[in-house]
Amino acid sequence: MQIYWLKIKDIVQETAEIKTFLLERPEDFTWAEGSHTHFALKGFNAGEKPNRSLVRHMSISTVPAEDAIGITTRIKEQCSEFKTILKGMSVGDEVALFKTHTNLPLKRNGSKVYLLSSGVGIATFRSIVLDYFNRSEGVEAVHSLNIDSSRQFLFQELFQSTPDKSFTAQFVDSRNAYYAELQKLAADKDGLFYIVGSDEFLADNIALLREHGVSVEQMMLDKREEQKADLLS
């Protein structure tokens, strides 16, 4: 397993609680749209066994053309040991990345793509939207639906409805509004539904989509195959 120790080159305060850590990108480090990675802090591999409290599964919010590896995360005032350490880090400090993979490649089979997310989960979709804007072949259109009760919606400069690119974006601040909109989207029986969020959020979306006749083959989750099977069973 290759571990990349990378310096933080910039820290962007996206909202009151959300930051993007932009890391140096080695020439041999590549990734696809919708990728996740293992993001670790110093000391995670210092002992005989990895210290899992210093490792998190994170999405990469940038694309390779931006020449930086972006990790976007929420850091609350009261947070875990991992987030407390991360909150105190500065430009020039090092973090580790390893086991980078995507479960959410943009499928180009002529269908419309729906990106369903909760809160900072929309960061996973940023790279997918940029990839779609760069090359739209094989995708009828893309629609993003994000719920965030804080109303501090993320990446609004990118997630703007752009008719000439067949892209629409919706932000809502309540579960009722979100699921009312999702019921409308579920009317598309040929669409592809990409879902990112907590396991509870995934389960609720899966249940509603199934209830409206959407097949499990049309649902894309940022989960390993065995985890995906459990959620879809």
**Study point:** With all protein chains modelled, accessible area of GLU211 [1.4 Å, Å²]
**Key:** 150 Å²
Study note, to complete from the structure: For LYS83, counting only lysines whose alpha-carbon sits under 16 Å away and dropping same-chain residues fewer than eight positions off, the answer is LYS19, LYS42
Study note, to complete from the structure: To the nearest Å², the heavy-atom accessible area per residue of region 109-221 with 1.4 Å probe amounts to 43 Å²
Check your understanding: For the chain, modelled as a GNM with alpha-carbon contacts under 10 angstrom, which of PHE201, PHE159, PHE193 fluctuates the most?
Key -> PHE201
Revision key, fill the gap. Expressed as a percent, the accessible surface of the chain that is carbon or sulfur, using a 1.4 Å probe and the full set of protein chains, is 46 percent
Exercise for review: Starting from the coordinates of the alpha-carbon atoms of the chain, obtain the Kirkwood hydrodynamic radius over all distinct pairs and give the value in Å to one decimal.
Suggested key: 18.5 Å
Point to revise | Per-selection Rg to Rh, region 8-136 - Cα, Kirkwood hydrodynamic radius | key: 0.98
Exercise for review: Give a quick list of trypsin sites (Lys or Arg not before Pro) in region 126-171 that DSSP marks as loop, anything other than H, G, I, E or B, with at most 16 other Cβ atoms within 10 Å.
Suggested key: ARG135, ARG151
Study note, to complete from the structure: Note, region 105-111: 3J(HN,Hα) by Karplus (6.51, -1.76, 1.60, θ = phi - 60°), whole Hz, Gly/Pro = x, goes x, 6, 6, 10, 10, x, 8
Review point. Accessible area per residue of region 1-64 at 1.4 Å probe, in Å²?
Key: 53 Å²
Check your understanding: Stretch ALA203-ALA180 to full length: gain in nm at 0.36 nm per residue minus the Cα-Cα span?
Key -> 6.7 nm
Check your understanding: What value, in deg cm²/dmol to 500, does the helix sum -39500 (n - 2.57) over DSSP H runs of n ≥ 4 give at 222 nm once divided by the residues of the chain?
Key -> -6500 deg cm²/dmol
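The values are calculated or read from the model by the stated rules, or taken from the named source; none is laboratory data. Model, not experiment: these values are computed from the prediction. Note that we place each Cβ from the backbone using ideal geometry, even for glycine, and neighbour counts take in every protein chain shown. The area values use the complete protein model at the heavy-atom level, side chains included, leaving out ligands, DNA and RNA. Shrake-Rupley method; radii C 1.70, N 1.55, O 1.52, S 1.80 Å.
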